[in-house]
Amino acid sequence: MTRIDKVNELIARRQEKRSKERIRLDKLFDENSFVEIGAHNTEAGVVTGYGTINGVLVYAFSQDGAVNVAHATKIANLYSLAIKMGNPVVGIMDSKGVAMTQGLDMLEAFGIIMQKQAQASGVIPQISIIAGDCMGVGSFMPVLADFVIMTKTNSTLFMQSPSVFAGLDGKANTPSDLNASRHAGKTGLVHMVGETEEECFALTRKLLGFLPENNLEIPMVQATDDLNRLDPKLNEFLPEDNETPIDMHYLINSIADNGEFFEIHGDYAQNIIEGFVRFDGMTTGIIANNGLMNVAGALKAGEFVNICDAFNIPIVTLTDIAGYERKLSEELNGIEKYGAKLIYSFANATVPKINIIIRNAIGNSYMLMNSKHIGADIVYAWPSACVALMDKKAYTAITKTSAEEYDELSSPYTAEKMGYIDSLLVPSNTRKRIIVALEMLMTKRENKSARKHSSIEF
């Protein structure tokens, strides 16, 4: 048997008996498109390669075993190739920790991977899928990515094993306590949860459809919706009282191409709604208020702004905010810090920024929601908007002015005269006016900071 025959036989055997990690990659990629790199390096415990997802070149790795130096080297080499080519990386995390026998070399191994992740940050999209255990120093890897998707069952994410410390009830926890539901709703480390691995792969494919291949591309598809479409229901959309929450999901679906809204971080900080839509085929980030601002909301919105800015995705905010959560815990947790970070994110972003004031725009909580004061390119307002330094009760009590005077001062017409609103719009025309503004801002040029722009801000 010749050497070529031996190689062909080995390849045939591997194709007949595919590993779990290889099967996962085949499910993620377009049919028959995945090409494995380093197939004979079986001791590494990771499969790496490339293929197409929705017809676009994507690089990926899939773990199934303890991380060792060879494991890390394969992932680092994959990252190097992806950065050179300017295409996304998807990592499927499922590891039982590190090869303890390799000692300090293991920290060097993880350091190699994380250096590559840092180099890729803000340059190419990075998506992590947690499909099993992700623990110890390895738990930093998904957090360094732009998006984390986790299976609802049979997966955990933790840095220190919960079995080594007692919970608040004095009983020892188990790793299963730090599951997808906990991280999606409480810690915010997970952006989306899939019931199964297949659902996680589907979410990944859909997410990649909204993202560019790299930070030099503009994410667009052929539009299939009427750019002049109106929604007359929006003219009578707002609740009769000023306290009932607005149905922001309806509003977002109403104005988006084909009513499609891909929500990100839906279970975390639900006072902020965010995700991707398209306007006339152009991917756009949407951030909408759904309650008072707090630490989690500011953190969530700020991180999303940074990702949009890194990947040339315009930002549209739908503002309805009347202040902050009045809790001592918010002060103790540093609302000033995270509010300032959100201001910085909006002010630093150089992509097109459009703000639409729907109802309340009160105090400095309104200021940090992409207002004209911190650099929004275009600010629209519905006639229902109330734009004021304070709410009516506080302002009239402090200044001794009448309610009628307050209504005049807080009118969107007054804010427009002052230059803080560019134009009032009929609610039913909201979609059309956003598209017109985005088309105008397509050629926007604004100098970025001298530092390399990253999608991760600390």
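The values are calculated or read from the model by the stated rules, or taken from the named source; none is laboratory data. Keep in mind that this is a model prediction, so the values were computed, not measured. In this analysis, Cβ positions are derived from the backbone assuming ideal geometry, glycine residues included, and neighbour counts consider all displayed protein chains.
Here the range 437-458 is the region considered, the condition is being loosely packed, with under 14 Cβ neighbours inside 10 Å and among the charged types (D, E, K, R), and the residue that is modelled with the highest pLDDT is Lys444.
In the range 400-420 there is no residue matching the filter, namely being under 28 Å from Tyr338 (Cβ atoms) and under 28 Å from the mean Cα position of the chain (by Cα). Arg326 fulfils the conditions (1) over 26 Å from Met282 (Cβ atoms); (2) touching an Asp or Glu at 6+ places or on another chain (Cβ under 8 Å) except for a single criterion, (2). Beta carbons closer than 6 Å, at least 6 apart along the sequence or on distinct chains, pair a first residue in the range 228-239 that is in contact (Cβ under 8 Å) with a residue 60 or more places away in the chain with a second that is polar (S, T, N, Q) and surrounded by 12 or more Cβ atoms within 10 Å (Cβ to Cβ) for Leu230/Ser428; Asp231/Ser254; Asp231/Ser428; Pro232/Ser428; Leu234/Ser428; Asn235/Ser428; Leu238/Ser384. The residue that is surrounded by the fewest Cβ atoms within 10 Å (Cβ to Cβ), counting only those in the range 36-76 that are under 24 Å from Val137 (Cβ atoms), hydroxyl-bearing (Ser, Thr, Tyr) and touching a residue at least 24 places away in the same chain (Cβ under 8 Å), is Thr73. The single condition among (1) in a loop (DSSP other than H, G, I, E, B); (2) of a type outside the set (Ser, Thr, Tyr); (3) within 17 Å of the chain's Cα centre (by Cα) that Ala296 does not meet is (1).
Scan the range 240-272 for residues that are polar (S, T, N, Q) and part of a loop (DSSP other than H, G, I, E, B) and jot them down.
Pass one, the range 240-272, residues polar (S, T, N, Q): 242, 244, 253-254, 258, 270-271.
Answer for the range 240-272, where residues must be polar (S, T, N, Q) and part of a loop (DSSP other than H, G, I, E, B): Asn242, Thr244, Gln270, Asn271.
How do the strands (runs of 3 or more DSSP E) wholly within the range 70-160 filter down when requiring 1 or more residues that are more than 19 Å from Gly38 (Cβ to Cβ): which remain? So that I can check it myself, show each step before the final result.
On the way: elements: 89-93, 126-130, 133-135, 147-151, 156-158.
By residue number, 126-130, 133-135, 147-151, 156-158.
Here Val379 clears all of (1) more than 23 Å from Leu441 (Cα to Cα); (2) surrounded by 24 or more Cβ atoms within 10 Å (Cβ to Cβ) except the condition numbered (1).
Taken as a whole, the condition of being surrounded by fewer than 20 Cβ atoms within 10 Å (Cβ to Cβ) and touching a residue at least 24 places away in the same chain (Cβ under 8 Å) does not apply to Thr430.
Residue by residue, here is whether (1) surrounded by 22 or more Cβ atoms within 10 Å (Cβ to Cβ); (2) closer than 19 Å to Met192 by Cβ; (3) out of contact with any Lys or Arg (no Cβ under 9 Å at 6 or more places or on another chain) holds:
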residue	(1), (2), (3)
Gly111	no, no, yes
Met114	no, no, yes
Ile124	yes, no, yes
Ile127	yes, yes, yes
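Of all residues in the range 223-249, which are within 26 Å of the chain's Cα centre (by Cα), closer than 18 Å to Ile357 by Cβ and exposed (fewer than 14 other Cβ atoms within 10 Å of the Cβ)? Within the range 223-249, Pro245 is the sole residue that qualifies.
Scanning the range 41-69 for residues that are in a strand (DSSP E or B) and either within 12 Å of Ile112 (Cα to Cα) or at pLDDT below 85 (or both) returns a single hit, Val67. Tell me yes or no: at least one residue of the range 166-175 is at pLDDT 75 or above and either over 18 Å from Leu28 (Cα atoms) or crowded, with 16+ Cβ neighbours inside 10 Å (or both). Checked the range 166-175: no residue is at pLDDT 75 or above and either over 18 Å from Leu28 (Cα atoms) or crowded, with 16+ Cβ neighbours inside 10 Å (or both). Residues being under 30 Å from Asn87 (Cα atoms), buried (at least 23 other Cβ atoms within 10 Å of the Cβ), touching a strand residue (DSSP E or B) at 6+ places or on another chain (Cβ under 7 Å) and of a type in the set (A, V, I, L, M) are entirely absent from the range 330-344.
Just to check your reading of the model, which residue among Met390, Met418, Met369 is surrounded by fewer than 18 Cβ atoms within 10 Å (Cβ to Cβ) and touching a residue at least 24 places away in the same chain (Cβ under 8 Å)?
Details: Met418 fails: touching a residue at least 24 places away in the same chain (Cβ under 8 Å); Met369 fails: surrounded by fewer than 18 Cβ atoms within 10 Å (Cβ to Cβ).
Answer to the selection: Met390.
Mind telling me which of the residues Val305, Val316 ends up being assigned to a helix (DSSP H, G or I), assigned by TED's automatic domain parsing to the domain that holds Ser365 and surrounded by 23 or more Cβ atoms within 10 Å (Cβ to Cβ)? Steps first, please.
Details: Val316 fails: assigned to a helix (DSSP H, G or I).
Result: Val305 is the single residue among Val305, Val316 that is assigned to a helix (DSSP H, G or I), assigned by TED's automatic domain parsing to the domain that holds Ser365 and surrounded by 23 or more Cβ atoms within 10 Å (Cβ to Cβ).
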